[in-house]
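The values are calculated or read from the model by the stated rules, or taken from the named source; none is laboratory data. No experiment lies behind these values; they were computed from the predicted model shown. Cβ atoms come from the backbone with ideal geometry, glycine included; neighbour counts cover every protein chain shown. Ligands, DNA and RNA are excluded from the accessible area calculation, which covers all protein heavy atoms including side chains. Shrake-Rupley method; radii C 1.70, N 1.55, O 1.52, S 1.80 Å.
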Amino acid sequence: MALLANDTRKDPDAVDRMLDRDFIEVGRSGRLWTRAETLSALRSEAARESPVVDEWRFEEVSADLILVTYRRSTSAGQSRHSSIWDLAAGLPLIRFHQGTVVPPAAP
């Protein structure tokens, strides 16, 4: 949840502590983001609406890896997200993240 908060996203040190050194993201647009690109983009990101987040699932992939999935909703629409968190270092580090836009329901 911290990575969804405007205050955290604007704090490069806080985000740096949460991202694995090999972090990559596939954004909702389909763009591939490196760790450096993500940190840079978040520094200049405008404040955004706080999302409603639900449908959390936590699946153990291995002893040290957890797959986290959830749905994110704002006035702009919904998206589904998945991330892989590495627990081996003691503190959780996000290694991979992907967001996918949920198309509006047909009338």
- Ellipsoid equivalent to the stretch 32-74 - semi-axes via the Cα gyration tensor, in Å: 25, 19, 7
- Query: Of all accessible surface on the chain at a 1.4 Å probe, what whole percent is carbon and sulfur?
  - Reply: 56
- Task: Considering only protein heavy atoms, with the full assembly of protein chains and a 1.4 angstrom probe, order 75, 82 by accessible area, largest first.
- Result: 75, 82
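In deg cm²/dmol, rounded to 500, what helix-only [θ] at 222 nm does the chain give when every DSSP H run of at least 4 residues adds -39500 (n - 2.57) and the total is split over its residues? If you can, show how the numbers build up before the last one.
Working: 3 runs with 20 residues, N = 107.
Per the formula, -4500 deg cm²/dmol.
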- Query: Averaged per residue, what accessible area in Å² does the chain show with a 1.4 Å probe, protein chains only?
  - Reply: 64
- Task: Would you mind getting me the FRET efficiency between residue 67 and residue 14? Use the beta-carbon distance for r and R0 = 22 Å, nearest 0.05.
- Result: 0.45
